[in-house]
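A short worksheet on the structure shown next.
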């Protein structure tokens, strides 16, 4: 495939109904995939010899609060063989209450780089990756309260400081920062 238009046509055929929407914007090919089919879509894009997307360059999440669906998980894939890239996006609705987290399946066994990216999205955005081998905070202390990149998180930090959540308990050893 020599052009983005050729790649777009091939992905429409390869992904079929899984590709909800495909378009080219600012010299980037963008594909919306149903979140329930993300594993199948990424495996197909990796294993298809005509695409060979062998590297996940990055993965992130975006909060579009108050829009519904509120969250978007974004995967940037690159083919070292074909020298092209694609951006895969999935929409996730906000859960019905604050105690639940939006969920999507892990792809850390498909692209090893996803392991840390998924942990970062969990830590900062509160996206739960089902069947992730080690889903825990990666940047903030384990007892941190909330997810600071969400739109509703107070811009100047949490208004209420609860001992054991966002501050260090004095009974802990001095060297233990809760990490």
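So the values come out like this:
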quantity	calculated
Pick from the stretch 107-119, criterion closer than 25 Å to residue 11 by Cβ and without any contact (Cβ under 8 Å) to a residue 40 or more places away in the chain, ranking: nearest to the chain's Cα centre (by Cα)	108
Count - residues of the stretch 128-139 that are under 29 Å from residue 47 (Cβ atoms) and either surrounded by 21 or more Cβ atoms within 10 Å (Cβ to Cβ) or over 11 Å from the mean Cα position of the chain (by Cα) (or both)	8
Condition met for residue 101 (in contact (Cβ under 8 Å) with a residue 24 or more places away in the chain, in the same structural domain as residue 119 (by TED's automatic domain parsing) and closer than 14 Å to residue 127 by Cβ)	yes
Residue in the stretch 101-111 that is more than 18 Å from residue 52 (Cβ to Cβ) and surrounded by fewer than 15 Cβ atoms within 10 Å (Cβ to Cβ) present	yes
Residue 6 out of contact with any strand residue (DSSP E or B) (no Cβ under 9 Å at 6 or more places or on another chain) and modelled with pLDDT of 95 or more	no
Test: residue in the stretch 75-86 that is under 25 Å from residue 150 (Cβ atoms) and in contact (Cβ under 8 Å) with a residue 24 or more places away in the chain	yes
Residue in the stretch 13-35 that is closer than 26 Å to residue 152 by Cβ and either crowded, with 17+ Cβ neighbours inside 10 Å or out of contact with any helix residue (DSSP H, G or I) (no Cβ under 7 Å at 6 or more places or on another chain) (or both) present	yes
Filter pass, residue 16 being in the same structural domain as residue 113 (by TED's automatic domain parsing), within 15 Å of the chain's Cα centre (by Cα) and part of a helix (DSSP H, G or I)	no
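The values are calculated or read from the model by the stated rules, or taken from the named source; none is laboratory data. Keep in mind it's a predicted model, so treat the numbers as computed, not measured. All Cβ positions, even for glycine, are placed from backbone atoms using ideal geometry, and neighbour counts span all protein chains on display.
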